[in-house]
Amino acid sequence: MKKKDRYVLGQAFLGVAVFLLIYTYFFHSKFQPVSGTVGDWGTALMLSTTAVLAGMLIELGRFWGWVIEVKIDADLLVMQGIPAAVLSLVPGPFWLQYGGKTYPYIFFADPVVTGIAGVWLGVILFRSMFNNKKIKEEMEDKNQ
């Protein structure tokens, strides 16, 4: 199998995995909800987890086909990771209990904000901890 075919197959796999994550969240939040405060907190935590994992998978697509090396970028984790973590990992019910239904707490508690910030955090986590490492043989192939 050619490298390009493996890359396309990998992208298809990641696309299906992200879709399944999103659908699993949707199914459990809409068709199997738990009522009450426990259900609200559980749904919010499940949304945060789903969004962060989806972001990590999306970012993994950028690395597909390359060797991955661990390389921690502390500046990226601090500058973008902290705001993304606050917006994505702190569940919506906390913001509403803490600040009520006033601005900016309703913004922080919004599921769309949580979802987008979770994807942002997943991408930041993956980017700040891993780096592409090109294989020497592939570099030689390109030079020929």
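Key figures
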{"quantity": "Sequence-distant residues sharing a close amide H with ASP73 (under 5 Å, placed H)", "calculated": "MET129"}
{"quantity": "Lys, Arg +1 and Asp, Glu -1 on Cβ, resulting dipole of segment 1-63 about Cα centre, debye, nearest 20", "calculated": "440"}
{"quantity": "Distant alpha-carbon pairs in segment 1-58 (separation over 19 angstrom), percent", "calculated": "42"}
{"quantity": "Farthest toward positive dipole pole in the chain [+1 Lys/Arg, -1 Asp/Glu at C-beta], among THR50, LEU89, THR114", "calculated": "THR50"}
{"quantity": "The chain, dipole about Cα centre (Lys/Arg Cβ +1, Asp/Glu Cβ -1), debye to the nearest 20", "calculated": "300"}
{"quantity": "Charge sum, other residues only, whose C-beta stays under 15 Å from LEU9's C-beta, Lys/Arg counted +1 and Asp/Glu -1", "calculated": "+3"}
{"quantity": "Proportion of all alpha-carbon pairs of the chain beyond 21 Å (%)", "calculated": "53"}
{"quantity": "Against the rule of thumb 2.2 N^0.38 Å, how large the Cα Rg of segment 47-95 comes out", "calculated": "1.38"}
{"quantity": "Rounded percent of accessible protein surface that carbon and sulfur make up, the chain, 1.4 Å probe", "calculated": "68"}
{"quantity": "Unsatisfied cross-links (Cα-Cα over 29 Å) in the set LYS30/LYS101; LYS3/LYS30; LYS3/LYS71", "calculated": "LYS3/LYS30"}
{"quantity": "Solvent-accessible area per residue, Å², over segment 22-115 with all protein chains present [probe radius 1.4 Å]", "calculated": "61"}
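The values are calculated or read from the model by the stated rules, or taken from the named source; none is laboratory data. As the structure is a computational prediction, the values presented were derived from the model and not from experiment. So basically every Cβ, Gly included, is an ideal-geometry build from the backbone, and we count neighbours across all protein chains shown. Heavy atoms of the whole protein, side chains included, go into the accessibility calculation; ligands, DNA and RNA do not. Shrake-Rupley method; radii C 1.70, N 1.55, O 1.52, S 1.80 Å.
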